[in-house]
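Shown next, in structure tokens, is the structure this report addresses.
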Amino acid sequence: MQKGLTRAGVGAVGSLEAFIELAAAYGFTSVDAAGEELVGLVERHGQEGALALLREHGVSIGSMGLVVEWRRTEAEFRAGLSLLAQHAAVASALGCTRSCTYILPSTDENPAHFLAIATRRLRACAEILGAFGMRLGLEFVGPHHLREAGRHPFIWDLHSTLDWITAIGKDNVGLLLDAFHWYTTGATVDDIRALHSRQIVHVHINDAKDVPVSEVRDNDRLFPGEGVINLVGFLRALADIGYDGPVAQEVLTPAPLTEDSRVLAARSQAAFARLFSAAGV
């Protein structure tokens, strides 16, 4: 498994170049980035220069955010498709093979109608990504307060997401498995061991406070190993099924972190070292 970073948990790190350098300095081998960041990187350095920068630092692009707004109007959805093709072309040329999006666990829309529309839209996104050799990861979102935010429940757990992936019907669609959402939905290590590694596109790791699960807030996470989630079991289960992709830290907080990015990266490095060692991976 690759130790990776998102921007959530490293403070105001600055440019993508600075983010790549920070990751490399603290032993991380992948970073997640937005498509427009990748486009900007290539505009500044050229494709070969951008690839050389990544090689120099031993860092890959773990995942690209999905630019398409598939949750709202048809016009907004269609406006994002051409951007997705542009972003996917650049990302693929830089060796990135993953793009991910999240599923809100409740909706104000008629849920049956929304499911039909969203299935068609995500299938279209998967087709575009597939043309560039990329996969689409869907992240179920578990915290109870978000399940109750809309008028109707929507997809919020592992098994429902797997069923939806089957309905989308594209073999390049799988899970973005986030430890926080795995925990808040009551999933277990056996649920992970029941998966095939191919079903997991990407992984996020983080931790939760010692409060009742029903009170856990999505934007109030802890650094890995600083809370109550069984992250050692989480990592062992991933290793057991042969997952070898990025495991990227994502620590969402109520307010932006103000500590120096190097301090936060060192904290993350120590956390990953402890957990990966304890898990034997």
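The values are calculated or read from the model by the stated rules, or taken from the named source; none is laboratory data. Computed from a predicted structure; not experimentally measured. All Cβ positions, glycine included, derive from the backbone under ideal geometry; neighbour counts span all protein chains shown.
Side notes on the structure shown:
- Out of 146, 122, 129, sole residue that is touching a residue at least 12 places away in the same chain (Cβ under 8 Å), surrounded by fewer than 22 Cβ atoms within 10 Å (Cβ to Cβ) and part of a helix (DSSP H, G or I): 146
- Taken together, the residues in the stretch 217-251 that are surrounded by fewer than 17 Cβ atoms within 10 Å (Cβ to Cβ), within 20 Å of residue 26 (Cα to Cα) and of a type in the set (A, V, I, L, M) amount to 0.
- Test set (1) touching a helix residue (DSSP H, G or I) at 6+ places or on another chain (Cβ under 9 Å); (2) part of a helix (DSSP H, G or I) - residue 95 fails condition number: (2)
- In the stretch 192-219, the residues that are more than 30 Å from residue 172 (Cβ to Cβ) reach residues that are among the polar types (S, T, N, Q) and not in a loop (DSSP other than H, G, I, E, B) with C-beta atoms within less than 9 angstrom, at least six apart or across chains, in these pairs: 208/184; 213/184; 214/184; 216/184.
- Any hit, the stretch 66-83, residues being closer than 23 Å to residue 247 by Cβ and modelled with pLDDT of 95 or more: yes
- Of the set (1) of a type in the set (Lys, Arg); (2) without any contact (Cβ under 8 Å) to a residue 60 or more places away in the chain; (3) buried (at least 18 other Cβ atoms within 10 Å of the Cβ), all apply to residue 44 but (3).
- In the stretch 186-205 there is at least one residue that is in contact with a Cys (Cβ under 6 Å, 6 or more places away or on another chain) and within 18 Å of residue 8 (Cα to Cα).
- Residues that are of a type outside the set (Gly, Ala, Ser) and farther than 14 Å from residue 54 by Cα within the stretch 13-36 comprise 13, 26, 36, listed in sequence order.
- Single unsatisfied condition, residue 36 versus (1) out of contact with any Leu (no Cβ under 7 Å at 6 or more places or on another chain); (2) surrounded by 22 or more Cβ atoms within 10 Å (Cβ to Cβ): (2)
- Meets criteria (at pLDDT 95 or above, touching a Leu at 6+ places or on another chain (Cβ under 7 Å) and of a type in the set (Phe, Trp, Tyr)) for residue 140: yes
- Taking residues in the stretch 72-100 that are without any contact (Cβ under 8 Å) to a residue 12 or more places away in the chain, and partners anywhere that are surrounded by 13 or more Cβ atoms within 10 Å (Cβ to Cβ) and not β-branched (Val, Ile, Thr), the pairs with Cβ atoms closer than 7 Å and at least 6 places apart or on different chains are 76/69.
- Among the residues making up the stretch 55-71, those that are part of a strand (DSSP E or B) and surrounded by 22 or more Cβ atoms within 10 Å (Cβ to Cβ) are 61, 62, 63, 64.
- Within the option set 12, 8, being surrounded by fewer than 17 Cβ atoms within 10 Å (Cβ to Cβ), within 17 Å of residue 266 (Cβ to Cβ) and touching a residue at least 40 places away in the same chain (Cβ under 8 Å) holds for one residue only, 12.
- Answer residue from the stretch 172-189, given it is touching a residue at least 24 places away in the same chain (Cβ under 8 Å) and over 16 Å from the mean Cα position of the chain (by Cα) and is nearest to residue 243 (Cα to Cα) among those: 189
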